[in-house]
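Undergrad: Have a look at this one before I ask anything.
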Amino acid sequence: MSFDDLGLIDPLLRAVREEGYHTPTPIQRLAIPPALAGRDVLGIAQTGTGKTAAFALPILQGLVRGAPDGAPRPGRRPIRVLILTPTRELATQIGDAFAVYGRHLSVRHTVVFGGVGQGGQERALRAGVDVLVACPGRLLDLLSQGLVDLRSLGVFVLDEADRMLDMGFLPDVRRVVRVLPSARQTMFFSATMPPDIQQLADGLLRDPARVEATPVATAAETVGQALYFVEKGDKRMLLAHLLRDPSLARVLVFSRTKHGADRVVKDLAREGFSAQAIHGNKSQNNRERALDGFRGGSVRVLVATDIAARGIDVDGVTHVVNFDLPNVAETYVHRIGRTGRAGARGEALSFCDQEEREYLRDIERLLKRHVPRVESHPHRSPLAPPPPTVLGAQAHGRGPPRPVHHDNTRDTPRNGPRPPAASMPHPGGRSDRHRPAPRALSLNEAERRGQAMRNQKPGG
Ligand code: AMP
């Protein structure tokens, strides 16, 4: 099936083609036709599945219905679409998606979130927008000041509902919903459907089309994995060694701590690699600059903590490096899902020191498979366990530096075929996502508490 079969108008098809999309993703195939028909949609999908286009394309089409050439409607522009999303990063990405998919239409959108001055957002709202992308806290502030009028709303999207729950935003979401007109189309997206979320969905949706995508399982089939046993103190040298391979073009490095992330960046800079860190000690501006650089290609290596990285979506990450192994096994699956997106091939390279062996055990238990070991690399830990096969005997110890590091994984004979990528369990069902967190918890604080899987910088 191609985009042409979905019933989309030409300006949207052109935009999609210009983005280089050839085929709709499963969630797009399933959600776009009912959404175009005006039905409510319950989408069980997470970031990385193409869900943004799944709602943005039908919304854009709905907005120009009656003006198929995309001509601006004269007069006042009341808000006709509201998209609620939990984090600033997601809000920004959704805003960007509307700009991209709507580039041949004259639909106006704006994005509002907390933690920044209100002036610019106020001006954009006064000028009139068709689509408002908002984080709940700031939207409530603007509503209470009479700066947002949702009486003409026709479409409401609730994005990442389960994360709204995680971040303690459900009361805010309910408050927003109360002021929406009841005659509207609602699209509800959530990666998981715990009981609270199911209940919320039941209250918001009318006879929805239920569509489901299991992204991480799909993504991971295109992610190759490799494990490096290395002493803690040698990790930075190993990373620099690996980066000498130019095929590591856009590299997302995960560090368990903020200080660790800063140290990695400093060491890489000393070695002449362009690297930036992104975590809760950095200002919003600073984080955005780092992300822009990474997206644009001027920053080759982005070093992130798990919390800072959640919700960030960058295309074309060639390699994920687990500089530290996560202490929660599911986090590993999430991290490596940052590469190998949309059918592209990606590699996940993980460093494991002596103290991280138990994390590795947990990860492999979850994966139900052995992560292929790289036995011959110049910084191999002398304490590394012996290779699992007799072939490994010759690969013991420190081999000569090899610019290409992940072709010598030892699950298969040296010259044999690449081991197949692991098939990932869907992390969506993990229980730790459903624990509510206090609403005002900052990214910084969350990192300090080590709640890596549960919190992210609230969008305000
Ligand atoms: P999302 O889940 O909406 O955050 O999208 C994940 C990424 O996939 C985004 O970077 C999109 O640009 C990209 N994407 C969305 N739809 C497609 C498609 N049909 N083909 C290729 N890439 C896509």
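Coordinate-derived values only; no laboratory data. Bear in mind the structure is a predicted one, so any value in this text is a computation, not a measurement. We place every Cβ from the backbone using ideal geometry, glycine too, and count neighbours over all the protein chains shown.
Undergrad: Can you pull the one-decimal nm distance between simple spin-label points at Asp202 and Ser274, each 7 Å off the Cα toward Cβ?
TA: 5.3
Undergrad: ³J(HN,Hα) across region 123-135 via Karplus (A = 6.51, B = -1.76, C = 1.60, θ = phi - 60°), whole Hz, x for Gly/Pro?
TA: Ordered by residue, 3J(HN,Hα) equals 4, 4, 5, 5, 5, x, 9, 8, 10, 10, 9, 9, 8 Hz.
Undergrad: Continuing with this model, one more query. Starting from the amide H of Val157, placed 1.01 Å from N in the peptide plane, find each other amide H under 5 Å away whose residue is 5 or more places distant or on another chain.
TA: Counting only residues 5 or more places away or on other chains, the set is Leu82, Ile83, Leu84, Met187.
Undergrad: I need the semi-axes of the equivalent ellipsoid of region 3-212: take the C-alpha gyration tensor, multiply each eigenvalue by 5, square-root it, list largest first in whole angstrom. Spell out each step's value before the answer.
TA: Working: eigenvalues 112, 95, 47 Å².
Result for region 3-212: semi-axes of 24, 22, 15 Å.
Undergrad: My understanding is that a pair violates if its Cα-Cα distance is over 20 Å; which of Lys235/Lys258; Lys51/Lys282; Lys235/Lys266; Lys232/Lys266 do that in this structure? Mind dumping the intermediate values first?
TA: Values: Lys235/Lys258 16 Å; Lys51/Lys282 29 Å; Lys235/Lys266 14 Å; Lys232/Lys266 17 Å.
Too far apart for the 20 Å limit: Lys51/Lys282.
Undergrad: Given H placed 1.01 Å from N in the peptide plane, which residues other than close sequence neighbours of Val303 have an amide H under 5 Å from its amide H?
TA: Val253, Gln276, Ala277, Ile278
Undergrad: Distance from a point 7 Å along Cα→Cβ of Asp141 to each backbone N in region 147-186: keep the residues under 15 Å and list them by number.
TA: Only 147-148 pass the distance filter.
Undergrad: Using only the Cα atoms of region 44-164, build the gyration tensor, take square roots of its eigenvalues as a ≥ b ≥ c, and label the shape rounded, prolate or oblate: rounded if a/c is under 1.5, else prolate if a/b is larger than b/c, else oblate.
TA: Numbers: a/c = 1.75, a/b = 1.07, b/c = 1.64.
Verdict is oblate for region 44-164.
Undergrad: With unit charges on the beta carbon (Lys/Arg positive, Asp/Glu negative), name the residue among Ser182, Thr52, Tyr21 whose Cα is farthest towards the positive pole of the charge dipole of region 3-212.
TA: Ser182
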